[in-house]
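The values are calculated or read from the model by the stated rules, or taken from the named source; none is laboratory data. Remember, it's a predicted structure, so these values are computed and weren't measured experimentally. So basically every Cβ, Gly included, is an ideal-geometry build from the backbone, and we count neighbours across all protein chains shown. Heavy atoms of the whole protein, side chains included, go into the accessibility calculation; ligands, DNA and RNA do not. Shrake-Rupley method; radii C 1.70, N 1.55, O 1.52, S 1.80 Å.
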Amino acid sequence: MPIRRALLSVYDKTGILDLARDLHGRGVEMLSTGGTYKALLAAGIPVIEVATYTGFPEMMDGRVKTLHPKIHGGLLCRRDDPAHLAAAQANHIGLIDLVVVNLYPFEATCDTPGATLADKIEKIDIGGPSMLRSAAKNFQSVTVLVDPGDYADFRAELAAHGGDTSVAFRAAGARKVFRTTARYDALISQELTRLAGEADPDVAAAERFPAEMALPMKKVQELRYGENPHQKAALYDTRLAETASVVRADQLHGKELSFNNFMDADAAWELVKEFTAPACAIIKHTNPCGCACAQTLEQAFLRAYEGDPLAAFGSIIAVNRVMDAATAEQICVPGRFVEVIIAPSFSLEALHIITTKPKWKANVRLLSVGAATATPGHARYLKNMLGGVLVQEYDSVRWNRAASQVVTKRAPTDTEWLDLEFASILVKHLKSNAICLVKDRELMGAGAGQMSRVNSSRIASMLAGDKAKGSVLGSDAFFPFADGVEAAAAAGVTAIVQPGGSKGDPQTIESADKHHIAMVFTGVRHFRH
């Protein structure tokens, strides 16, 4: 049976007039509300206002207009059930075959600077989701469109099916509706929870991990592939981090990013933005292979690159300042190859250099992220496992010298304290068991992802080579035995920062004293799996 009656009520009016004209040309009776009704009327398209159709006036600033049995009965009535049809006839309920509805822009309102709670509340759509859900539930008979991008396919369906649509098309529309309304409700829940948490810390603590959690995930883009070329993947925005991130970065240049590119880019950005001084991080397989702070961004890059030039080939580079021409020139020196560069922004000169000078200019991805602000502790981090997701707060604990304890006979020198701070920041961005060697706020060598901490120490020392002499060591967790300190001493390490808290602490401290190594306990572990 061809579509005979449609209800059109849209906030986003893209394409709605052309669609309505097509429906009118097919003899479809149209019902509408508010701004959509006025737009159709102004365009000379015959339309019936919902209030006239239901005999019930719109009221309460439009909050109550479509919540009526003549609307929902017309949508929910099963065409194959005589009892349903008889009830509709007895109550003068006409059947509605098509619903075209999209929702109030709650998300856009939340993202509008200065939007008040009242503004956000008024953009919580009630009638729209209700109509969409009613139509979607009865998809065997009712067509529902929630996305203007689907109007062209809908017209093709009408042409192919004599003014009707196929069950497959209606079912696909229903699935899209429930995904849309689920995300819409998740957005509202997330925002109201955030606002309540801002007003009352007790609420924030109590609802950090609620019994039910729906994430308002929205696809940002399809990826070239996943971790391997045979795996498909996509990037979604969860709105869980209220800070600049690579998820919302503007890609200024280069080919499409892969799953691994995004993982490395995120690791690079999260590390480099922890530093207040000009800093550069060079990442390979989510681990830093180079990192440094300096007086200028150019110096920071050069010192970071010295950390492990071999590993830096094909790496991801992040900086916490505007990418300038001098730094861009150094990145593009012949023999260097970079996959992705992340920065708060890029100067025009730097853009020109990177996109014209190196051999790899066509493919290098440039991500402009925005201000390098610290990630708040209440931001939540997701780790997936088969069939489930682990959710935890972001590791936002920062270096606190005042809370640190010198446990050895020798205290660190002023220079060592600066390097210990750098190492304590850097080590929490390495995979555990993590060890890093630092000198003059530059990564000399790192050991990560090993099954024993002493092996991580040995790897860090091996990569640093002679540069390990005079360096400080950062460890993401305590040393269970003194062998880690012994390995550090053999490499020439002069100071160590670690959480402490092991039963073997007395032996570790004794070993450090034996080798005149200054050791500081922070009391904070930074495992990263």
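So how far, in whole Å, is the C-alpha centre of the stretch 267-338 from the one of the stretch 52-88?
The stretch 267-338 and the stretch 52-88 have Cα centres spaced 62 Å from each other.
Report the normalised scattering of the stretch 111-262 as log10 I(q)/I(0) at q = 0.10 Å⁻¹, calculated by the Debye formula with identical scatterers on the alpha carbons.
The calculated log intensity ratios at q = 0.10 Å⁻¹ are -0.55.
Quote the FRET efficiency, to the nearest 0.05, computed for residue 401 versus residue 11 with a Förster distance R0 of 51 Å and r equal to the Cβ-Cβ distance.
0.45
Show me 388-398, 484-494 ranked by packing, highest mean number of other Cβ atoms within 10 Å first.
Numbers: 388-398: 12.7, 484-494: 22.8.
Top of the packing list down: 484-494, 388-398.
For the pairs 273/431; 232/383; 120/273, note any where the Cα-Cα span goes beyond 20 Å.
Result: 120/273 exceed 20 Å.
With labels modelled as points extended 7 Å from the Cα through the Cβ direction, what inter-label distance (nm, one decimal) is found for residue 381 paired with residue 182?
2.7
Using a 1.4 Å probe on the protein heavy atoms, what percent of the accessible area of the stretch 243-395 belongs to carbon and sulfur?
C and S fraction of accessible area: 58 percent.
With every protein chain left in place, what is the accessible area per residue of the stretch 1-121 in square angstrom, probe 1.4 Å?
Counting only protein heavy atoms, the per-residue value for the stretch 1-121 is 51 Å².
Report D for the stretch 271-313 in µm² per second (integer): Stokes-Einstein, Kirkwood Rh on Cα pairs, 10 °C, 1.306 mPa s.
Estimated diffusion coefficient is 158 µm²/s.
Taking a ≥ b ≥ c as the square roots of the Cα gyration tensor eigenvalues, with a/c under 1.5 meaning rounded and otherwise prolate when a/b beats b/c, else oblate, which class fits the stretch 1-146?
prolate
Please give the charge dipole size of the chain, origin at the Cα centre, charges +1 on K and R Cβ atoms and -1 on D and E Cβ atoms. Round to the nearest 20 debye.
Working: 57 positive and 59 negative charges, 179 e Å.
My answer is approximately 860 debye.
In nm, give the distance between the simple-model label positions of residue 371 and residue 357, each being 7 Å from the Cα along the Cα-to-Cβ direction.
Label at residue 371, label at residue 357, 3.0 nm between them.
In whole Å, what are the extents of the stretch 1-86 along the principal axes defined by its C-alpha atoms, from largest to smallest?
Sorted from largest, the Cα extents of the stretch 1-86 read 40, 35, 20 Å.
Quick check on the stretch 79-187: take the gyration tensor over C-alpha atoms, sort the square-rooted eigenvalues as a ≥ b ≥ c, and tell me if it's rounded (a/c under 1.5), prolate or oblate. Present the calculation step by step, with values, prior to reporting the outcome.
Details: a/c = 2.87, a/b = 1.64, b/c = 1.75.
It is oblate, given that a/c is not under 1.5 and a/b is not larger than b/c.
Straight-line reach from residue 359: which lysines have a Cα under 22 Å away, not including same-chain ones fewer than 8 places off?
255, 284
At q = 0.18, 0.19, 0.20, 0.24 Å⁻¹, what is the base-10 log of I(q)/I(0) for the stretch 203-262 according to the Debye formula with one equal point scatterer per Cα and no solvent? Please give it to two decimals.
-0.76, -0.82, -0.86, -1.05
For the chain, what does -39500 (n - 2.57) per DSSP helix run (n ≥ 4), summed and divided by total residues, give at 222 nm, in deg cm²/dmol to the nearest 500?
Numbers: 19 runs with 197 residues, N = 529.
It lands at -11000 deg cm²/dmol.
So how do 355-363, 247-255, 268-276, 413-421 stack up, highest first, on mean other-Cβ count within 10 Å?
268-276, 413-421, 247-255, 355-363
So what's the chain giving for Cα Rg divided by 2.2 N^0.38 Å, two decimals?
Scaled against compact globular proteins, the figure is 1.26.
What ranking, highest mean first, results for peptides 191-198, 459-466 when packing means the other Cβ atoms within 10 Å averaged over each residue?
459-466, 191-198
Any idea what angle helix 127-137 forms with the longest principal axis of the chain, computed on alpha-carbon atoms, 0 to 90 degrees, nearest 10?
80
Just for the chain, what percent of DSSP beta bridges are antiparallel, to the closest 5?
55
What ratio of Cα Rg to 2.2 N^0.38 Å holds for the stretch 341-405?
1.75
Could you name the lysines whose alpha carbon sits less than 17 Å from that of residue 176, not counting residues in the same chain fewer than 8 places away?
Answer for residue 176, where 17 Å is the Cα cut-off: 137, 218, 219, listed by chain and number.
From the square roots a ≥ b ≥ c of the eigenvalues of the alpha-carbon gyration tensor of the stretch 388-492, which class results: rounded (a/c under 1.5), prolate (a/b over b/c), or oblate?
Oblate is the answer for the stretch 388-492, as a/c is 1.5 or above yet b/c matches or exceeds a/b.
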